[in-house]
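Student: Handing you this structure, nothing more for now.
The values are calculated or read from the model by the stated rules, or taken from the named source; none is laboratory data. Keep in mind that this is a model prediction, so the values were computed, not measured. Because the Cβ atoms are built from the backbone with ideal geometry, glycine has one as well, and the counts that use them run over all protein chains shown.
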Amino acid sequence: MTRSPRAVFVTLLAGAVLTGLAGGAQAVPGSSQSATGATAAPPVLAPAKPEGAAPATAGVQKALLAALRDPSLGKHYGAYVYDASRNKTLYSVGTTKPFVPASTLKLLTTVAALEAIGPDHLFTTKTVRSGGSLVLVGGGDPLLTVQRSKDPLDFPVRATLQDLATRTAKALKADGVASVTLSYDATLFSGPAVNAKWQPNYVTEGIAAPTSALWVNEGRLSPGMAKRAPSPAQAAATSFAKLLRAAGITVAASVKPAKAPAAATEVATVRSAPLGDLVEYVNLHSDNDGAEVLLRQVGVATGNGGSYAGGIKGLRATLTKLGLDVSKARIEDGSGLSRTNQVPLDVLAGAVRVAVAQPELRHLISGLPVAGFTGSLAERFASPGTSAGTGFVRAKTGTLTGVHSLSGLVRTRTGTVLVFAVATDSVPADKPLQARAALDRASAALASCGCTG
């Protein structure tokens with residue numbers, strides 16, 4: 001399906017306007033507080049207001065009927081639709097039993113991170129020194145990399161070990177230090193690095209990395225490649241030692257883990273992109289590793305510790321604080337990789353619903369993929385019956401074997417903002433693409449309907 005540049009621009013503009021209306025307020029792009037302390041821009045769009053005739057339950061049911069009758073959805077499928085313009089549930093079917101959410105679980109992780117930590121928060125990676133002993137301290141930056149990308153469109157701008165090594169070497173030389181021993185501290189996160197609820201092949205095949213408070217390129221041995229280092233923190237520290245040597249500092253051959261002394265002197269720092277930008281990245285690209293780091297950061301921020309168990313405890317508490325009923329939800333990780341996750345559709349949609357209502361959570365909305373154009377929806381909404389959703393549906397995808405889900409928002413042709421979740425976790429083995437297309441048709445139907453009856 002070929003789209004002209006103008007069509008792309010118009011469609012993305014429509015999506016941007018939808019985001020602003022749905023989010024209640026939309027800041028100017030790139031306006032989040034930066035490491036320099038710049039103040040975020042004020043909101044530029046007013047909250048959404050009801051427009052046109054109110055959608056009705058019967059109208060929503062009629063719009064979704066054909067798509068939800070598709071046999072490729074299997075025996076356990078469901079849909080939940082909420083009128084965000086009028087704050088009322090419109091439709092719920094097949095929702096008595098929770099669903100395996102797959103990656104739509106990232107909506108819960110990221111909205112909790114925004115609430116518990118704040119969209120302007122920056123994660124710090126630093127070096128500290130005690131005498132001739134230098135410690136590289138991980139701060140849980142999910143997108144820390146070795147060197148800055150040469151792609152000017154790469155988003156968000158990432159902190160790099162190269163910058164940290166340059167700053168560290170300069171500071172050491174200024175203090176007359178030319179030789180150090182190097183160790184690394186990744187103790188911000190604790191407990192097992194690999195989630196016990198994941199399939200054993202996830203780490204060995206590079207689907208996910210052992211989660212660490214210190215890593216580069218999400219633990220990948222080479223940027224863009226799947227294979228991960230068995231110890232991402234050790235690999236990051238080894239890379240840092242090479243960079244220090246290249247900057248003129250002699251570094252002892254052995255690099256080992258160590259807890260940074262409380263009295264150690266800070267030498268240099270680099271800071272991540274603002275959390276809001278990280279949330280956008282995680283949801284746009286369905287980044288499993290980034291989501292797992294953010295889960296542990298939620299644990300740290302809520303006082304429950306940096307293990308995945310602590311993260312889940314903090315996640316549940318934060319979602320409850322936001323008004324979501326998680327009593328029937330089983331949450332095992334932050335990414336949705338575990339097949340033992342079970343989440344009701346109203347909770348998945350609820351993450352979007354609260355983000356629509358609270359401008360400080362807007363990055364959840366602005367990071368949702370745009371149907372047919374961006375992120376994990378870039379190659380979707382090209383099959384028959386889905387064109388009405390192209391550019392107007394914004395949703396997080398979820399995919400595992402036998403599982404497909406979409407949760408996000410759409411503005412109907414009469415102006416109402418609808419929050420929705422559609423899902424199945426019983427797809428026949430030979431029908432995965434058909435099931436995915438059926439969910440695309442369902443959300444596209446909401447975009448094209450007035451749903452008034």
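Student: Conditions: (1) part of a loop (DSSP other than H, G, I, E, B); (2) acidic (Asp, Glu); (3) farther than 25 Å from Leu377 by Cα. Asp163 meets all but one. Number of the miss?
Tutor: The number of the failed condition is (1).
Student: Give the stretch 399-433 a look and list any residue that's closer than 21 Å to Ala54 by Cβ and surrounded by fewer than 24 Cβ atoms within 10 Å (Cβ to Cβ), or say none.
Tutor: Of everything in the stretch 399-433, those that are closer than 21 Å to Ala54 by Cβ and surrounded by fewer than 24 Cβ atoms within 10 Å (Cβ to Cβ) turn out to be Arg413, Thr414, Gly415, Val417.
Student: Are any of the residues in the stretch 110-122 out of contact with any Cys (no Cβ under 9 Å at 6 or more places or on another chain), in a loop (DSSP other than H, G, I, E, B), in contact (Cβ under 8 Å) with a residue 24 or more places away in the chain and under 21 Å from Arg220 (Cβ atoms)? Break it down stepwise before answering.
Tutor: As a first pass, look at the stretch 110-122 and keep what is out of contact with any Cys (no Cβ under 9 Å at 6 or more places or on another chain): 110-122.
If we keep only those that are in a loop (DSSP other than H, G, I, E, B) as well, we get 118-122.
Then drop every residue that is not in contact (Cβ under 8 Å) with a residue 24 or more places away in the chain, which leaves 118-122.
When the remaining residues are screened for being under 21 Å from Arg220 (Cβ atoms), the result is none.
No, every residue in the stretch 110-122 fails to be out of contact with any Cys (no Cβ under 9 Å at 6 or more places or on another chain), in a loop (DSSP other than H, G, I, E, B), in contact (Cβ under 8 Å) with a residue 24 or more places away in the chain and under 21 Å from Arg220 (Cβ atoms).
Student: While we're here: Hey, among Thr187, Thr168, Thr160, Thr204, which residue is in the same structural domain as Ala236 (by TED's automatic domain parsing) and either farther than 18 Å from Thr124 by Cβ or touching a His at 6+ places or on another chain (Cβ under 9 Å) (or both)?
Tutor: None of the other options fit; the residue is Thr204.
Student: Restricting to the stretch 372-398, and then to whatever is in a helix (DSSP H, G or I) and touching a Pro at 6+ places or on another chain (Cβ under 9 Å), can you tell me which residue is surrounded by the most Cβ atoms within 10 Å (Cβ to Cβ)? Working first, answer last.
Tutor: To start, the set of residues in the stretch 372-398 that are in a helix (DSSP H, G or I) comprises 375-377, 387-389.
When the remaining residues are screened for being touching a Pro at 6+ places or on another chain (Cβ under 9 Å), the result is 375-377.
Values: Gly375: 19, Ser376: 19, Leu377: 25.
Selected residue: Leu377.
Student: Say we look at the stretch 84-98 and pick out the residues that are among the aliphatic types (A, V, I, L, M) and outside any loop (DSSP other than H, G, I, E, B); which of these is farthest from Ala423 (Cα to Cα)? Explain how you work it out, then say what you get.
Tutor: Let us first name the residues in the stretch 84-98 that are among the aliphatic types (A, V, I, L, M), namely 84, 90, 93.
Adding the requirement that they be outside any loop (DSSP other than H, G, I, E, B) leaves 90, 93.
Details: Leu90: 17, Val93: 11 Å.
Among those that are among the aliphatic types (A, V, I, L, M) and outside any loop (DSSP other than H, G, I, E, B), it is Leu90.
Student: When you look at Ala395, is it farther than 20 Å from Ser92 by Cβ and either of a type outside the set (S, T, N, Q) or in contact with a helix residue (DSSP H, G or I) (Cβ under 8 Å, 6 or more places away or on another chain) (or both), yes or no?
Tutor: Details: farther than 20 Å from Ser92 by Cβ: no; either of a type outside the set (S, T, N, Q) or in contact with a helix residue (DSSP H, G or I) (Cβ under 8 Å, 6 or more places away or on another chain) (or both): yes.
Considered against the rule, which asks whether it is farther than 20 Å from Ser92 by Cβ and either of a type outside the set (S, T, N, Q) or in contact with a helix residue (DSSP H, G or I) (Cβ under 8 Å, 6 or more places away or on another chain) (or both), Ala395 comes out as no.
Student: Considering only the stretch 228-255, how many residues are loosely packed, with under 14 Cβ neighbours inside 10 Å and β-branched (Val, Ile, Thr)?
Tutor: Residues meeting the conditions: 1.
Student: So which of Ala442, Ala421 is in contact (Cβ under 8 Å) with a residue 24 or more places away in the chain, of a type in the set (Gly, Ala, Ser) and assigned to a helix (DSSP H, G or I)?
Tutor: Working: Ala421 fails: assigned to a helix (DSSP H, G or I).
None of the other options fit; the residue is Ala442.
Student: Within the stretch 129-188, track down each residue that is among the aliphatic types (A, V, I, L, M) and within 15 Å of Ser272 (Cβ to Cβ).
Tutor: Start the filter on the stretch 129-188 by keeping residues that are among the aliphatic types (A, V, I, L, M), which leaves 134-137, 143-144, 146, 153, 157, 159, 161, 164-165, 169, 171-172, 174, 177-178, 180, 182, 186, 188.
Matches in the stretch 129-188: Val137, Leu143, Leu144, Val146, Val157, Ala159, Leu161, Leu164, Leu188.
Student: Mind listing whichever residues of the stretch 351-371 are farther than 19 Å from Thr109 by Cβ and buried (at least 24 other Cβ atoms within 10 Å of the Cβ)?
Tutor: Hits for the stretch 351-371 are Val370, Ala371.
Each row is one residue, and each column tells you yes or no for (1) under 30 Å from Lys431 (Cβ atoms); (2) modelled with pLDDT of 95 or more.
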residue: Pro43; (1), (2): no, no
residue: Pro47; (1), (2): no, no
residue: Val60; (1), (2): yes, yes
residue: Lys75; (1), (2): yes, yes
residue: Tyr80; (1), (2): yes, yes
residue: Thr89; (1), (2): yes, yes
residue: Gly94; (1), (2): yes, no
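Student: Something else now. Return yes or no: is Ala171 in contact (Cβ under 8 Å) with a residue 24 or more places away in the chain and out of contact with any Ser or Thr (no Cβ under 6 Å at 6 or more places or on another chain)? Outline the logic, then answer.
Tutor: Numbers: in contact (Cβ under 8 Å) with a residue 24 or more places away in the chain: yes; out of contact with any Ser or Thr (no Cβ under 6 Å at 6 or more places or on another chain): yes.
When the stated conditions are applied, Ala171 passes them.
Student: A follow-up question, please. Can you tell me how many residues within the stretch 305-330 are surrounded by fewer than 19 Cβ atoms within 10 Å (Cβ to Cβ) and under 12 Å from Ala113 (Cα atoms)?
Tutor: Residues that pass the stated criteria total 1.
Student: Quick one: which of Val135, Val81 is in the same structural domain as Asp333 (by TED's automatic domain parsing), aliphatic (A, V, I, L, M) and either part of a helix (DSSP H, G or I) or crowded, with 22+ Cβ neighbours inside 10 Å (or both)?
Tutor: Details: Val135 fails: in the same structural domain as Asp333 (by TED's automatic domain parsing).
Just one listed residue meets the conditions, Val81.
Student: Tell me whether the stretch 256-276 contains one or more residues that are assigned by TED's automatic domain parsing to the domain that holds Gly131, part of a helix (DSSP H, G or I), surrounded by fewer than 21 Cβ atoms within 10 Å (Cβ to Cβ) and of a type outside the set (Phe, Trp, Tyr).
Tutor: No - not one qualifying residue is present in the stretch 256-276.
So that you can scan it fast, the table gives a plain yes or no per residue for (1) over 12 Å from Ala213 (Cβ atoms); (2) in the same structural domain as Tyr202 (by TED's automatic domain parsing); (3) not acidic (Asp, Glu):
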{"site": "Val282", "(1), (2), (3)": "yes, no, yes"}
{"site": "Asp287", "(1), (2), (3)": "yes, no, no"}
{"site": "Glu292", "(1), (2), (3)": "no, no, no"}
{"site": "Arg296", "(1), (2), (3)": "no, no, yes"}
{"site": "Thr302", "(1), (2), (3)": "yes, no, yes"}
{"site": "Ser307", "(1), (2), (3)": "no, no, yes"}
